[in-house]
Amino acid sequence: MTRNFLFLQGPLSLFFYTFGQTLKRLGCGVFRIQFCGGDIAFWPDRRAHLWQGPSWQWPQWIGSFLAEHAITDLVLLGDWRPLHQEAVRIAKSRGITVWVYEEGYLRPGYVTLEKGGVNANSLLPKTPEEVRAKARALEETLLASPSKAPNPMRGRVLDTAWHHLGNFFLWPIFPRYRTHRPYCIGHELLGWIPRFISATQRRRESIAVLRDLVKSRVPFYFMPLQLDSDSQIRRHSPFTGVLDSLSLVITDFAANAPKESFLLIKNHPLDNGLINYRRYIRSMGAACGCAGRLRFVESVKNASPLDLCQGVVLCNSTLGLTALGRGCAVFCLGASIYAMPGLAVNSEEMSLGAFWNTPRLPDASLVADFTRVLRMQALVPGNFYSKAGIAEIIAASLVRMGVSHG
């Protein structure tokens, strides 16, 4: 039976288009739905189908499309975007296989590709016993090494600009389109431009803060922030945004952490600057009487704090897996694939207040087993933004999806 692949929105690159052309050459049916001008910029094919209707019509429209074209496989980036979420549910109800890409659970060198869903919707093992059993079954399996393909930030910036130019010039074709992000690009630029101008100064200040903290030899905990627009924060955590998570952590730190300890908070490198975290942390710290024990940095290598801190507190960032791999104690505030006994601690295992005083180190053997399962079931080598990285993803995806090379 011929397999028919339907591509929805993908990364801001030519990955989906290149993958689609590869599937066509292998005899598969390939279909694409364009939602905005930026989609057209990265899938230059007039035969693609356009979605221009109101949101309330989408379920019936996509259901009819799946049936009319006998779709067997649905491919998309992120299963949480509103239109994606409905398409995934309808596809699963009809027995259609869903393939979801995301940025890699482990970075750099990998991207995520899972059957059925990612993050909180992942089919990865949920208990230590399941992880160990799965890892034993993979003992003789050759696992792919991380990609060494280049992944320059400059290329990603140019691709992002190309996407937004497509949205701007082709807006009349998609007047109803609304981004899944909480801010429009014009609003985000108001934050990005000042951050770009002050990048060097902020980097120097951050290095100085970390150097002083290390020289003082005081025990400290590390909290890396996630993007306020991240679905992991807004959909897979108890928080409305990053400020909400900061509020909880700072108040709990003031009340329960050892009085000689400090909390180092690091901004996300891709933060758009629309929220002044430094000012908020200073205000919250003053209210809780712990302002002198809080430190905020913008730009330092994550490895440095991970090697020196008492423990890591985060919502559900992929940095948690990096921290576990380096033997750090991790407290996970939200839903995560790695929050389970032996890996990251969550509120079901102990309170955050208890973690400050008795951080539990991860089980190194379980971390190794979990990483093995990830590499076999959820990760493929490569990146979305370079030709070499895209070629690696496609080769591994064909194997994961069981597509014959003819």
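No lab work stands behind these numbers, since they all come straight from the coordinates. This one's a predicted model, so the numbers in the text were calculated from it and none came from an experiment. For neighbour counting, all protein chains shown are included, and Cβ atoms are generated from backbone atoms with ideal geometry for every residue, glycine included.
The share of Cα pairs per 5 Å bin across segment 49-96, counted from zero up to the longest distance, runs 4, 21, 34, 29, 12, 0 percent. Only Lys, Arg, Asp and Glu carry charge here, each on its Cβ (+1 for the first two, -1 for the last two); on that basis segment 215-369 has a dipole of about 620 debye about its Cα centre.
When the alpha-carbon atoms of segment 1-95 are used, the pair Rg, Dmax equals 12.6, 36 angstrom.
Restricting attention to the chain, lysine pairs at least eight places apart or on different chains and with alpha-carbon atoms under 22 angstrom apart total 13. Taking L210, L158, L123 in turn, the Gaussian network model of the chain (Cα-Cα springs below 10 Å) assigns the largest fluctuation to L158.
Which of the three applies to the chain, rounded, prolate or oblate, going by the alpha-carbon gyration tensor with a ≥ b ≥ c and a/c under 1.5 meaning rounded?
Verdict is prolate for the chain.
GNM remark for the chain: springs join alpha carbons under 10 Å apart, and the peak mean-square fluctuation among F196, F31, F42 falls on F196.
Across segment 215-369, the convex hull enclosing all Cα atoms gives 107 Å³ per residue. Taking θ as phi - 60° and the Karplus parameters 6.51, -1.76 and 1.60, the scalar couplings of segment 124-132 work out to 5, x, 9, 10, x, 5, 5, 4, 5 Hz in sequence order, x denoting glycine and proline.
Enumerate the residues in segment 204-223 having an amide nitrogen under 18 Å from the point lying 7 Å beyond the Cα of K259 toward its Cβ. Only 218-220 pass the distance filter. Ranking of W51, W171, W56 by neighbouring Cβ atoms within 10 Å, starting from the fewest: W56, W171, W51.
What separates the Cα centres of segment 94-109 and segment 316-382 is a distance of 20 Å. For a modelled paramagnetic label at A133, 7 Å from Cα along Cα-to-Cβ, no residue of segment 362-406 is in reach, as no backbone nitrogen comes under 14 Å.
Averaging the sequence gap over all C-alpha pairs within less than 8 Å and six or more residues apart, then dividing by the number of residues, gives the chain a relative contact order of 20 percent.
Net charge dipole, the chain: roughly 760 debye, given to the nearest 20, about the Cα centre with Cβ charges of +1 for Lys and Arg and -1 for Asp and Glu. Starting from the Cα gyration tensor of segment 100-246, take the square roots of the eigenvalues, sort them a ≥ b ≥ c, and report rounded, prolate or oblate (rounded when a/c is under 1.5, otherwise prolate if a/b is larger than b/c, else oblate). Oblate shape, in that a/c is at least 1.5 and b/c is the bigger or equal ratio. Placing pseudo-labels 7 Å out from each Cα toward the beta carbon at R89 and K24 gives an inter-label distance of 3.3 nm.
With neighbours defined as other Cβ atoms within 10 Å of a residue's Cβ, the residues E349, E298 order from fewest to most as E349, E298. Each Cα pair under 8 Å and six or more residues apart adds its separation to the average, and for segment 318-406 the resulting relative contact order is 20 percent.
What do you get for trypsin sites (Lys or Arg not before Pro) in segment 123-176 restricted to DSSP loop and a cutoff of at most 14 other Cβ within 10 Å of the site's Cβ? Answer in residue order: K126, K148, R176.
Going by how many other Cβ atoms sit within 10 Å of their own, how do H49, H236 line up, fewest first?
H49, H236
Using the Karplus relation 6.51 cos²θ - 1.76 cosθ + 1.60 with θ = phi - 60°, the per-residue 3J(HN,Hα) values for segment 156-170 come to 5, 5, 5, 4, 5, 5, 4, 4, 6, 5, x, 4, 5, 6, 9 Hz, with x marking Gly and Pro.
Here the extension length gained between K126 and L270 equals 48.8 nm, from 0.36 nm per residue of separation less the Cα-Cα distance.
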